[in-house]
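Asker: Got a structure here, written out as structure tokens. Questions coming.
The values are calculated or read from the model by the stated rules, or taken from the named source; none is laboratory data. Since the structure is predicted, the reported quantities are computational estimates derived from the model, not experimental observations. Glycine gets a Cβ as well: all are built from the backbone with ideal geometry, and neighbour counts include every protein chain shown.
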């Protein structure tokens, strides 16, 4: 009825715009878009404008890493207009991660290897790291598989930092001479381990990809 009256008066919808961004525009994969706080304003042929409700948006499904915009649509009569909201979607820790590359340093010697390009001999030499998988569950369970051993524990996130916990949910005690850090960085899971023994330091940085 409103659109019919506007059309009779020679007033038609010409465009819509998002004049106030939604409260949340940064997401983690698996979350769904929340339009709370968003204001959509319609502009008409007589140059008047007003905030409108009844708009639609897509996607409504769980967001993935390829989602960068939310499409907003608003219809009056047979006129449909669109606008967009830019969003970011960060990788979620939840899922299985496999090694993609590793940097190994012992004293002054350093070796950088891409797993897909490693020789058979290198795969044997670094099998403990190459064959390691990290499986982070949504309930906070962490399953780490390495050659001949499967460890089940827990974890929590502190920003991009991944904090390993024991089966009781307590922070895993540090081993003397060993420093370990885990984090999400640039869409990858990064594990840094440094071991110092008899004055010699051995470090390994393993970059895991998801899947």
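Asker: Of 180, 151, which residue is closer than 30 Å to residue 116 by Cα, assigned to a strand (DSSP E or B), assigned by TED's automatic domain parsing to the domain that holds residue 102 and free of Cβ contacts under 8 Å to residues at least 12 places away in the same chain?
Answerer: 151
Asker: Looking for whichever is out of contact with any helix residue (DSSP H, G or I) (no Cβ under 9 Å at 6 or more places or on another chain) and not in a strand (DSSP E or B) here; the options are 23, 43, 19, 73. Which one fits?
Answerer: Being out of contact with any helix residue (DSSP H, G or I) (no Cβ under 9 Å at 6 or more places or on another chain) and not in a strand (DSSP E or B) holds for just one of 23, 43, 19, 73, which is 23.
Asker: Here's another thing I want to ask about it. When you scan the stretch 154-167, how many residues do you find that are under 18 Å from residue 135 (Cα atoms) and either outside any strand (DSSP E or B) or not assigned by TED's automatic domain parsing to the domain that holds residue 203 (or both)?
Answerer: Total meeting the criteria: 3.
Asker: Could I ask something else about it? Can you tell me how many residues within the stretch 61-70 are part of a strand (DSSP E or B) and touching a residue at least 60 places away in the same chain (Cβ under 8 Å)?
Answerer: Residues meeting the conditions: 0.
Asker: Within the stretch 76-101, can you find the residues that are under 29 Å from residue 139 (Cβ atoms) and part of a loop (DSSP other than H, G, I, E, B)?
Answerer: Residues satisfying the conditions are 87, 91, 92, 93, 94.
For every residue, the table says whether it meets (1) surrounded by fewer than 17 Cβ atoms within 10 Å (Cβ to Cβ); (2) in the same structural domain as residue 203 (by TED's automatic domain parsing).
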site: 78; (1), (2): yes, no
site: 85; (1), (2): no, no
site: 101; (1), (2): no, yes
site: 110; (1), (2): yes, yes
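Asker: If you don't mind, another one. Could you figure out which of (1) over 20 Å from residue 180 (Cα atoms); (2) in the same structural domain as residue 195 (by TED's automatic domain parsing); (3) over 25 Å from the mean Cα position of the chain (by Cα) isn't true of residue 137?
Answerer: Result: residue 137 fails condition (3) only.
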